[in-house]
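Visitor: This is the structure I want to talk about, given as structure tokens.
The values are calculated or read from the model by the stated rules, or taken from the named source; none is laboratory data. Because the structure is a prediction, the values reported are computed rather than measured. Using ideal geometry, Cβ is built from the backbone for each residue, glycine included, and neighbour counts are taken over all protein chains shown. Only protein heavy atoms, including side chains, enter the accessible area calculation; ligands, DNA and RNA are left aside. Shrake-Rupley method; radii C 1.70, N 1.55, O 1.52, S 1.80 Å.
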Amino acid sequence: MARIRSSVFREKVTTADEAVRHIHAGDTVAISGFASAGTPKVIIPALAERIHHARGAGVNFTINLLTGASVSTETERTLAEIDGIALRMPYQSEATARRKINEGRMDYVDIHLSHVAQQVWEGYYGTVDVAVVEVAGVTEAGELIPSASVGNNKTWLDVAKKVILEVNSWVPDAMTGIHDIYYGTALPPNRTPLEITSAADRIGQTTFRVDPDKVVAVVETNCPDSASPLTEPDAVSIAIAGHVLDFFDHEVKAGRLPADSLLPLQAGIGNVANAVLGGLDRGGYRDLTCYSEVIQDSMLRLIKDGAVAHASATSLALSEKGLEEFTSNVDFYRNHITLRPQEISNHPEVVRRLGIIAMNGMLEADIYGNVNSTHVMGTKIMNGIGGSGDFTRNGYVSMFLSPSTARGGAISSIVPMVPHVDHTEHDTQVIVTEQGLADLRGLSPRRRARAVIDNCAHPEFRPLLHDYLARADAQPGAGHTPHLLGEAFSFHQRHLATGSMQR
Ligand code: 0RQ
């Protein structure tokens, strides 16, 4: 009980099985967790058991599940496998949950991560019945020390009718103080400016507040966060990273980026992003900052080497090795990392003010620069938009990075028209594949199309794309952005019919 320093909370300590009795069929349950960090460890398995038993007794027990972003793979899978979730929001990345959503057996609402807290406050998701939040400890005064992710936990603790806490003593004590929890957000017309003018600025407090009367159970755990999978960068990721780094050099020479520090970086999750960040030490930068969503392994190395002075995010997303590095050196990293609520880490106002360099992954882009990040063949959800829109729309330079082909070369990630749009041509400024980089800033649609095809498309697909563009352009009245509407999805239709976009 050493981590629970308030007697009021100590009296509420119980088992996970007892705690989940407070969760009922039809409840909206908001849980902590962002990427692999900070997901409750024991309540969800106990809840799955409860749902299983209720089913055995003929009760149709489902919950609506709200989170920060994706939560641990086990959590997503356990609940999806038993059809325990009626509605899921806002981001997932696990195969079973994805299948249930695409089979129409789980409702899924895919929204910008910075919008989640405000939409819940605005009441779009009804009452939040129970919040289940992992914390590192409870102070004497009854405030909560956050764990390895912040996500929407502040909002969940504020809005939920009942709160269940998991106090996880695995979270290093030394993390205390790394968090910046801002209590000044309000709904319009009462909003005030966020006083963040650099990645390291702190505007809040280090702990969460909670009304102790709402806390119905406290469960003690000692469980490590699950690790984020990460493989060594492959040749394609390294090539993409190389083009991005050359682009930074070019922008510095052109006087559009500061030489030593560039501008604050945001990088999506995954191997390409990790390779880009990992390659930054090549550039001799010394005072880089990051204002991003997650901290991946490469960031720890950049901080240790002195290339990155400060990184702001809402969560850690570390591999096994990264977790070991972080937990063994928390005292050092605490001075170089700030973890904030996701409504602040992804806040459009701050992203615009700081001038973020936004780098996100995509499934496909069309020749004009519209980007599909979420729907395979226009219909099947992959993960969700996550924070990509928060950063892209408001960034100083907004980049999308992807291999030029997928599925062994059968799919081109450059297509005539995307069948689902997450980021419009107005938001996309730079597209990068292993083939090269297309800088679309200042270009009209026809020029954009040529740059995207010549610089980014795989050589196998370039003739098909040029042929499409030429014939679209040759039509009488081809317009500002030429298309052959009857053929715009021909790449996708061919893939659905034959398994390949190639002719
Ligand atoms: O499939 O896993 O079955 O092999 O998509 O593709 O190339 O490994 O790229 O891991 O960077 O993911 C858009 C999904 C890219 C990601 C997306 C298939 C491909 C593979 C993964 P397999 P890669 P990545 C802030 C930023 C939205 C959220 C976001 C994403 C799998 O970047 O979810 O940006 N973005 N958040 O084979 C069909 C195509 C395809 C394709 C790739 N055109 N058609 N399948 N694949 N291109 C962080 C957060 O918000 C947490």
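Visitor: In the list D249, D281, which residue meets the criterion of being assigned to a helix (DSSP H, G or I), closer than 24 Å to R334 by Cβ and not small (G, A, S)?
Guide: None of the others qualify; the one that does is D281.
Visitor: With the requirement that a residue be over 18 Å from R10 (Cβ atoms) and open to solvent by 10 Å² or more (accessible area, probe 1.4 Å), what does segment 163-177 give you?
Guide: Passing the criteria: W170, P172, A174, T176, G177.
Visitor: Something else now. What number of residues in segment 91-138 are more than 16 Å from the ligand (Cβ to nearest atom) and either assigned to a helix (DSSP H, G or I) or crowded, with 16+ Cβ neighbours inside 10 Å (or both)?
Guide: Result for segment 91-138: 18.
Visitor: Is it the case that some residue within segment 467-478 is at pLDDT 95 or above and closer than 26 Å to I238 by Cα?
Guide: no
This table checks each residue for (1) free of Cβ contacts under 8 Å to residues at least 40 places away in the same chain; (2) open to solvent by 10 Å² or more (accessible area, probe 1.4 Å); (3) touching a helix residue (DSSP H, G or I) at 6+ places or on another chain (Cβ under 6 Å).
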site: V376; (1), (2), (3): yes, yes, no
site: I385; (1), (2), (3): no, yes, no
site: R393; (1), (2), (3): no, yes, no
site: Y396; (1), (2), (3): no, yes, no
site: P403; (1), (2), (3): no, yes, yes
site: R407; (1), (2), (3): yes, yes, no
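Visitor: Continuing with this model, one more query. Checking V71 against (1) assigned to a loop (DSSP other than H, G, I, E, B); (2) over 18 Å from the mean Cα position of the chain (by Cα); (3) of a type outside the set (D, E), only one condition comes out false. Which one?
Guide: Exception for V71: condition (2).
Visitor: Look through A86, A25 and report the one residue that is open to solvent by 20 Å² or more (accessible area, probe 1.4 Å), within 17 Å of Y125 (Cα to Cα), part of a loop (DSSP other than H, G, I, E, B) and aliphatic (A, V, I, L, M).
Guide: On inspection, the qualifying residue turns out to be A25.
Visitor: Which of the residues belonging to segment 381-429 are part of a strand (DSSP E or B) and under 22 Å from N455 (Cβ atoms)?
Guide: V397, S398, M399, F400, L401, T405, A406, I411, S412, I414, V415, H423
Visitor: Considering L323, L318, L302, which residue is open to solvent by less than 10 Å² (accessible area, probe 1.4 Å), part of a helix (DSSP H, G or I) and either over 21 Å from V244 (Cβ atoms) or not charged (D, E, K, R) (or both)?
Guide: When all the criteria are applied, what remains is L302.
Visitor: For segment 36-56, enumerate the residues that are closer than 16 Å to G26 by Cβ and either open to solvent by less than 40 Å² (accessible area, probe 1.4 Å) or not in a helix (DSSP H, G or I) (or both).
Guide: Across segment 36-56, the qualifying residues are L47, I51, A54.
Visitor: Further, regarding this structure: For segment 363-380, name all the residues that are more than 10 Å from the ligand (Cβ to nearest atom) and farther than 14 Å from V432 by Cα.
Guide: Residue satisfying the conditions is T379 alone.
Visitor: Exactly one condition in (1) open to solvent by less than 10 Å² (accessible area, probe 1.4 Å); (2) out of contact with any Phe, Trp or Tyr (no Cβ under 9 Å at 6 or more places or on another chain); (3) over 28 Å from Y91 (Cα atoms); (4) of a type outside the set (V, I, T) is not met by N372; state its number.
Guide: Of (1) open to solvent by less than 10 Å² (accessible area, probe 1.4 Å); (2) out of contact with any Phe, Trp or Tyr (no Cβ under 9 Å at 6 or more places or on another chain); (3) over 28 Å from Y91 (Cα atoms); (4) of a type outside the set (V, I, T), only one is false for N372: (3).
Visitor: Quick check on my filter: what residues within segment 284-299 are hydroxyl-bearing (S, T, Y) and assigned to a helix (DSSP H, G or I)?
Guide: Once the filter is applied, which keeps residues that are hydroxyl-bearing (S, T, Y) and assigned to a helix (DSSP H, G or I), segment 284-299 yields only S298.
Visitor: Keeping to segment 248-299, report how many residues are within 21 Å of the chain's Cα centre (by Cα) and open to solvent by 40 Å² or more (accessible area, probe 1.4 Å).
Guide: Final tally of qualifying residues: 2.
Visitor: Return yes when E251 is within 16 Å of the ligand (Cβ to nearest atom) and at pLDDT 95 or above and no when it is not.
Guide: No; evaluated as a whole, the condition is false for this residue.
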